[in-house]
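A.B. asks: Before anything else, here's the structure in question.
The values are calculated or read from the model by the stated rules, or taken from the named source; none is laboratory data. For clarity, every value in this text was computed on a predicted model and none was experimentally measured. Backbone-built Cβ (ideal geometry, glycine too); neighbour counts: all protein chains shown. Accessible surface is based on the protein model in full, side chains and every heavy atom, while ligands, DNA and RNA are left aside. Shrake-Rupley method; radii C 1.70, N 1.55, O 1.52, S 1.80 Å.
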Amino acid sequence: AKLGNDVFASKSLENFKRVGIHTKHIEQIEGVPSGIAIIAIDEQGKNIIIVVPGANGKLMPKDVDAAKEDIARAGVVVCQLEVPIETVLQAAKVAKANQVPFILDPAPARPLSDELLSMVDIIKPNETEAHTLTGIQVTDPASAGKAADALLAKGVKTVIITLGEKGFLLAAKDGKEFIPGHKIKAVDSTAAGDAFTGGVAYGIASGKSVREAAIFANAVAAISVTRLGAQPSMPTRKEVDAFIK
């Protein structure tokens with residue numbers, strides 16, 4: 001990652017260190033602000049997000065190459081689209097070369113090349129992102145299935161399309177399954193998608209099947225929407241286990 005040299009960077013680094021995230025490959029650069037998101041929430045907990053990319057735009061393919069050895073040892077690689085697309089593509093190439101599962105959370109949504117999609121092991125769009133990627137309006141499990149088919153046809157191995165509180169569709173070449181969401185009172189949906197992706201990544205890295213990882217992620221996301229904020233809403237493993245139990 002890239003951060004600016006500002007208060008947002010200081011808070012991010014403090015938080016990363018507090019929760020045990022290695023910061024070896026996080027660089028602070030002068031003259032550019034840290035990337036931030038301005039979030040507005042309505043009475044139902046739905047959000048509108050304005051992203052100001054800042055230093056995120058300075059993360060380059062050469063930075064991926066500098067981290068090659070650590071990527072090769074990783075249990076999983078996760079990318080999203082707040083950094084330059086050529087950097088995401090390079091991360092996919094390095095992951096594939098080292099047989100590390102590559103997960104793509106395609107947000108903020110934009111059209112993606114067939115080259116990138118063909119290297120994705122798991123893609124996790126929400127309804128809006130699935131529409132941007134495929135041109136298919138996603139409103140329910142049936143339309144999510146059509147969008148998933150379009151992504152599978154591009155070479156993606158597994159598609160997980162989240163439909164908010166309704167649940168998610170899991171699709172691969174060998175079939176599809178819709179898994180309903182948990183019934184909870186949402187106060188803030190900010191970062192629910194990030195929580196889900198993190199849950200899937202954690203599950204895959206710890207040896208779960210994709211289905212098991214997605215069901216685990218469903219619980220992670222459910223807990224996150226009962227709390228305000230983005231990073232502060234992320235639950236611990238202990239909390240997720242208690243919720244599932």
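A.B. asks: Within the bounds of segment 163-177, is there any residue that is farther than 17 Å from Thr128 by Cβ, touching a residue at least 60 places away in the same chain (Cβ under 8 Å) and either open to solvent by 30 Å² or more (accessible area, probe 1.4 Å) or not hydroxyl-bearing (Ser, Thr, Tyr) (or both)?
C.D. replies: Checked against the condition, which is being farther than 17 Å from Thr128 by Cβ, touching a residue at least 60 places away in the same chain (Cβ under 8 Å) and either open to solvent by 30 Å² or more (accessible area, probe 1.4 Å) or not hydroxyl-bearing (Ser, Thr, Tyr) (or both), segment 163-177 yields no hits at all.
A.B. asks: Any idea which residue in segment 40-52 is nearest to the chain's Cα centre (by Cα), counting only those that are part of a loop (DSSP other than H, G, I, E, B) and surrounded by fewer than 15 Cβ atoms within 10 Å (Cβ to Cβ)?
C.D. replies: Out of the qualifying residues, it is Lys46.
A.B. asks: Wholly within segment 113-157, which helices (runs of 4 or more DSSP H) include no fewer than the required count, namely at least 3 residues that are open to solvent by less than 50 Å² (accessible area, probe 1.4 Å)?
C.D. replies: Filter on segment 113-157 gives 127-134, 141-153.
A.B. asks: Among Val77, Val88, Val100, which is farther than 27 Å from Ile36 by Cα and either at pLDDT 95 or above or surrounded by fewer than 19 Cβ atoms within 10 Å (Cβ to Cβ) (or both)?
C.D. replies: Val100 is the lone residue from the list that is farther than 27 Å from Ile36 by Cα and either at pLDDT 95 or above or surrounded by fewer than 19 Cβ atoms within 10 Å (Cβ to Cβ) (or both).
A.B. asks: State which residue is surrounded by the most Cβ atoms within 10 Å (Cβ to Cβ) when the search covers only segment 216-240 and only residues that are under 15 Å from the mean Cα position of the chain (by Cα) and not small (Gly, Ala, Ser).
C.D. replies: Val220
A.B. asks: Filter segment 201-215 down to the residues that are among the hydrophobic types (A, V, I, L, M, F, W, C) and farther than 15 Å from Leu170 by Cβ, then identify the one that is surrounded by the fewest Cβ atoms within 10 Å (Cβ to Cβ).
C.D. replies: Checking each candidate, the answer is Ala205.
A.B. asks: Return the residue satisfying two criteria in turn: it lies in segment 195-237 and is of a type in the set (D, E, K, R) and at pLDDT 95 or above, and of such residues it is nearest to Ala72 (Cα to Cα).
C.D. replies: Within segment 195-237, the match that is nearest to Ala72 (Cα to Cα) is Lys208.
A.B. asks: Could you list, in sequence order, all residues of segment 102-123 that are under 19 Å from Ala201 (Cα atoms) and charged (D, E, K, R)?
C.D. replies: Asp105, Asp121
A.B. asks: Of Ala55, Ala9, Ala66, Ala37, which residue is of a type in the set (Gly, Ala, Ser), touching a strand residue (DSSP E or B) at 6+ places or on another chain (Cβ under 8 Å), touching a residue at least 24 places away in the same chain (Cβ under 8 Å) and open to solvent by 50 Å² or more (accessible area, probe 1.4 Å)?
C.D. replies: Testing whether each residue is of a type in the set (Gly, Ala, Ser), touching a strand residue (DSSP E or B) at 6+ places or on another chain (Cβ under 8 Å), touching a residue at least 24 places away in the same chain (Cβ under 8 Å) and open to solvent by 50 Å² or more (accessible area, probe 1.4 Å) leaves just Ala37.
A.B. asks: Also: Kindly establish whether Lys2 is touching a residue at least 40 places away in the same chain (Cβ under 8 Å) and surrounded by 11 or more Cβ atoms within 10 Å (Cβ to Cβ).
C.D. replies: yes
A.B. asks: Given the conditions (1) assigned to a helix (DSSP H, G or I); (2) buried (at least 16 other Cβ atoms within 10 Å of the Cβ), report the number of the one that Ala107 does not fulfil.
C.D. replies: For Ala107, the exception is condition (1).
A.B. asks: Which pairs do you get when a residue that is at negative phi, found in segment 104-121, comes within reach of a residue that is in a loop (DSSP other than H, G, I, E, B) and among the small types (Gly, Ala, Ser), reach meaning Cβ atoms under 9 angstrom, with the pair 6+ apart or on two chains?
C.D. replies: Asp114/Gly155; Leu117/Gly155; Ser118/Gly155; Met119/Gly155; Val120/Gly155
A.B. asks: Consider only pairs whose beta carbons are under 6 Å apart and that are at least six residues apart or on different chains; among these, list those whose first residue lies in segment 234-245 and is in a loop (DSSP other than H, G, I, E, B) and whose second residue is basic (Lys, Arg) and open to solvent by 70 Å² or more (accessible area, probe 1.4 Å).
C.D. replies: none
A.B. asks: Also, I was wondering about something else. Select from segment 214-233 the residues that are part of a helix (DSSP H, G or I) and within 18 Å of Lys166 (Cα to Cα) and list them in ascending order. Lay out the reasoning, then the answer.
C.D. replies: Let us first name the residues in segment 214-233 that are part of a helix (DSSP H, G or I), namely 214-224, 231-233.
Scanning segment 214-233 gives Ala214, Ile215, Phe216, Ala217, Asn218, Ala219, Val220, Ala221, Ala222, Ile223, Ser224.
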